[in-house]
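Have a look at the structure below before the remarks.
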Amino acid sequence: MENGSVVTSFILKAYTELEDHRYVYFTGFLLSFILMILTNIILIIVIYIETSLHEPMYFFVCNLAVNGIYGTISLLPSVLGNLMSQTYEISLAACLLQIFCIHTYAAVEFTTLAVMGYDRYVAICHPLHYHQLMSHRKVCIFIAFSWICPWTVFGLYFMLTAQRTFCDRIIEKVYCPNFAVVKLSCFDTSFQSKVGFVVTVLLMVPHLLMILFSYAQILRICLSASKESQAKAIQTCTPHLLAVINYAVGCFFEIISSRFNMSHVPYKARIFLSLYFLIFPPLLNPVIYGISIQAIRVQIFKLFITCKNKLFTL
């Protein structure tokens, strides 16, 4: 073991499993990075410039896209750089920054999805009072809350990690997760593990309950509604449900791979499963909302047609 004061960088050992086809993986991650940034920016631009989309639901979709860009930038540039590196080394400062960014991205994503679930509940169960319950001021408060709450709660917990010294530098991942880094500490981590459990509960359980409550109420209303109203409710909720399921699958993979013995699963499969919640939500959310919501789809087509016409007139 190295002395704790000496460890100023970590080795991301998982990259050794990707060496044989590093250029293939680099190309795949680079294309994913470009697609994530491009699709999320297009979604943000369309919602910003089209006044008919200045509604609570679309502002929340825009917030989801901004967080997708934040999460993408937190991870993929580092992955691309390490794939072309021979050392797979990351400094302590860069590792801690990545921990904070990736974990706050995950928390903001879940908080935003919970707020969007509440928005769908109000739209379907209280349509006559929708604009009163989801006023512009309240939407701004919800969006601010979706960032401030995760940053504050995880930030306070993150201070425990930032103050630690480390006696080992091997991380069995392609990025720095908090749990893996804490295990490398020179001292007992049982207290921090308990605090981490409390933080996880605070960042997940209320949001999960909000989503479950919202859809329980929506289901109750739909069961007594007409077929036309049921179809409209399904159409309204489908994009959000797909986004929630997509993100929940990714989180499930990450929790299982981090907390339990996954030695029976091929190593490369474990690597990609651990990246699911960081790659697929930012990649698929713009597609889900861009295709499923007609108002957004129409405006995206208009944007492309306008750009195409301008190019031909040059």
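Just for segment 87-101: of the residues that are crowded, with 18+ Cβ neighbours inside 10 Å and of a type in the set (Val, Ile, Thr), which one is nearest to Leu160 (Cα to Cα)?
Ile99
Can you tell me which condition Gly81 does not meet? The list is (1) closer than 20 Å to Tyr289 by Cβ; (2) at pLDDT 90 or above; (3) of a type outside the set (S, T, N, Q), and all the others hold.
It is condition (1) that Gly81 fails.
Only residues in segment 52-78 that are in a loop (DSSP other than H, G, I, E, B) count as the first member; pair them with residues that are of a type in the set (Val, Ile, Thr), Cβ under 8 angstrom, at least 6 apart or cross-chain, and list the lot.
His54/Ile47
Can you pull out the residues in segment 188-204 that are assigned to a helix (DSSP H, G or I) and of a type in the set (Val, Ile, Thr)? If you could, list the steps in order and put the result at the bottom.
Going through segment 188-204, the residues assigned to a helix (DSSP H, G or I) turn out to be 190-204.
Those that are assigned to a helix (DSSP H, G or I) and of a type in the set (Val, Ile, Thr): Val195, Val198, Val199, Thr200, Val201.
Any residue in segment 205-228 that's in a helix (DSSP H, G or I): show its pairings with residues that are among the polar types (S, T, N, Q) and surrounded by fewer than 18 Cβ atoms within 10 Å (Cβ to Cβ) at Cβ separation under 7 Å, as long as the two are six or more apart or on different chains.
Filtered contacts from segment 205-228: Cys222/Gln230.
Taking segment 155-197 as the search range and keeping residues that are of a type in the set (Ser, Thr, Tyr) and surrounded by 12 or more Cβ atoms within 10 Å (Cβ to Cβ), which one is nearest to Leu275 (Cα to Cα)?
Checked segment 155-197; the qualifying residue nearest to Leu275 (Cα to Cα) is Tyr175.
What tally of residues in segment 42-79 results from selecting those that are over 30 Å from Gln132 (Cα atoms) and surrounded by fewer than 16 Cβ atoms within 10 Å (Cβ to Cβ)?
1
So which of Tyr247, Tyr157 is touching a residue at least 12 places away in the same chain (Cβ under 8 Å), touching an Asp or Glu at 6+ places or on another chain (Cβ under 7 Å) and not in a loop (DSSP other than H, G, I, E, B)? Walk me through it before giving the result.
Values: Tyr157 fails: touching an Asp or Glu at 6+ places or on another chain (Cβ under 7 Å).
Sole residue among the options that is touching a residue at least 12 places away in the same chain (Cβ under 8 Å), touching an Asp or Glu at 6+ places or on another chain (Cβ under 7 Å) and not in a loop (DSSP other than H, G, I, E, B): Tyr247.
The values are calculated or read from the model by the stated rules, or taken from the named source; none is laboratory data. Remember, it's a predicted structure, so these values are computed and weren't measured experimentally. Backbone-built Cβ (ideal geometry, glycine too); neighbour counts: all protein chains shown.
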